[in-house]
Amino acid sequence: MPQLSKKKKKNPIIDVSFLAFSALAFIGVAICYVKGEVFFLNGVDASLSTFKQVLPKLIGACFLAGFAQVLAPRDLINKWMGAKSGLKGITIATMAGAFTPGGPLTSFPLIAALYKLGADYGPLVAYLTSWEILGMQRILIWEIPFMGIRFALLRYAVSLVLPMIAGITARKVAHYLAQSIKPKGGE
């Protein structure tokens with residue numbers, strides 16, 4: 001699988017996304033504090049409520065990803081979704097994404113586990129794109145009840161090819177980037 005850069009172990013405190021979210025949270029705290037004690041306490045209450053709601057799902061998703069990473073045979077993932085899987089890998093990922101239920105707390109830890117097992121960028125992008133736009137639960141729960149079956153089928157039909165295009169494009173871009181950062185002259 002082409003790597004864009006060498007992986008190094010990240011310090012979660014120095015992680016850019018953690019720092020960005022922390023800075024935004026601190027700004028929110030400061031604004032609520034300036035507005036008054038009631039705003040500040042309401043913000044703390046809403047934050048703790050969200051934390052209690054998300055934490056169990058996040059713990060479950062992390063365990064799912066961890067056990068999937070241990071139980072899924074690396075050779076099988078490489079064969080089905082690795083760099084040499086070709087269009088077959090992108091197709092498998094597209095179908096899997098369309099039938100994966102749940103929200104981001106399910107799909108992203110699973111994608112992280114597949115990536116660590118050797119899945120290529122193309123299938124991973126195809127999976128996420130398919131999960132986002134072809135998810136069967138969205139069609140059944142949201143689109144058909146709100147927009148009707150005719151609209152849902154039309155939207156689904158014209159969207160079928162998009163995850164494949166995204167996966168093929170991602171694979172080509174990742175390959176190009178991997179080639180462009182290689183040292184020249186055999187260094």
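The values are calculated or read from the model by the stated rules, or taken from the named source; none is laboratory data. What you see is a predicted model, and the numbers here were worked out from it, not measured in a lab. Every residue, glycine as well, gets a Cβ built from its backbone with ideal geometry; the counts of neighbours run over all protein chains shown.
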Can you tell me which residue within segment 15-52, out of those that are charged (D, E, K, R) and surrounded by 11 or more Cβ atoms within 10 Å (Cβ to Cβ), is farthest from L105 (Cα to Cα)?
K35
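In this structure, does L105 turn out to be at pLDDT below 95 and surrounded by 14 or more Cβ atoms within 10 Å (Cβ to Cβ)?
Values: at pLDDT below 95: yes; surrounded by 14 or more Cβ atoms within 10 Å (Cβ to Cβ): yes.
Judged against the criteria, L105 is a match.
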Odd one out for G86 among (1) touching a residue at least 12 places away in the same chain (Cβ under 8 Å); (2) assigned by TED's automatic domain parsing to the domain that holds V173; (3) small (G, A, S)
(1)
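Counting only residues that are at negative phi and surrounded by fewer than 22 Cβ atoms within 10 Å (Cβ to Cβ), which one in segment 111-126 is nearest to the chain's Cα centre (by Cα)? Show your work before the answer.
Of the residues in segment 111-126, the ones at negative phi are 111-117, 119-126.
Those still in the list that are surrounded by fewer than 22 Cβ atoms within 10 Å (Cβ to Cβ) too: 112-113, 115-117.
Details: A112: 8, A113: 11, Y115: 11, K116: 13, L117: 15 Å.
Restricting to residues being at negative phi and surrounded by fewer than 22 Cβ atoms within 10 Å (Cβ to Cβ), the top hit is A112.
Just to be sure I understand, how many residues within segment 127-152 are of a type in the set (A, V, I, L, M) and surrounded by 15 or more Cβ atoms within 10 Å (Cβ to Cβ)?
The first filter runs over segment 127-152 and keeps only residues of a type in the set (A, V, I, L, M), leaving 128, 133-134, 136, 139-141, 144, 147, 149, 152.
Then drop every residue that is not surrounded by 15 or more Cβ atoms within 10 Å (Cβ to Cβ), which leaves 128, 133-134, 139, 144, 152.
The qualifying residues number 6.
When you check F99 against the structure, is it more than 23 Å from K172 (Cβ to Cβ), modelled with pLDDT of 90 or more and not assigned by TED's automatic domain parsing to the domain that holds L55, yes or no? Spell out the reasoning first.
Numbers: more than 23 Å from K172 (Cβ to Cβ): yes; modelled with pLDDT of 90 or more: yes; not assigned by TED's automatic domain parsing to the domain that holds L55: yes.
The answer is yes for F99.
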With criteria (1) closer than 30 Å to K172 by Cβ; (2) assigned to a helix (DSSP H, G or I), F39 comes up short on (1)
G60 being within 20 Å of the chain's Cα centre (by Cα), small (G, A, S) and surrounded by 12 or more Cβ atoms within 10 Å (Cβ to Cβ):
yes
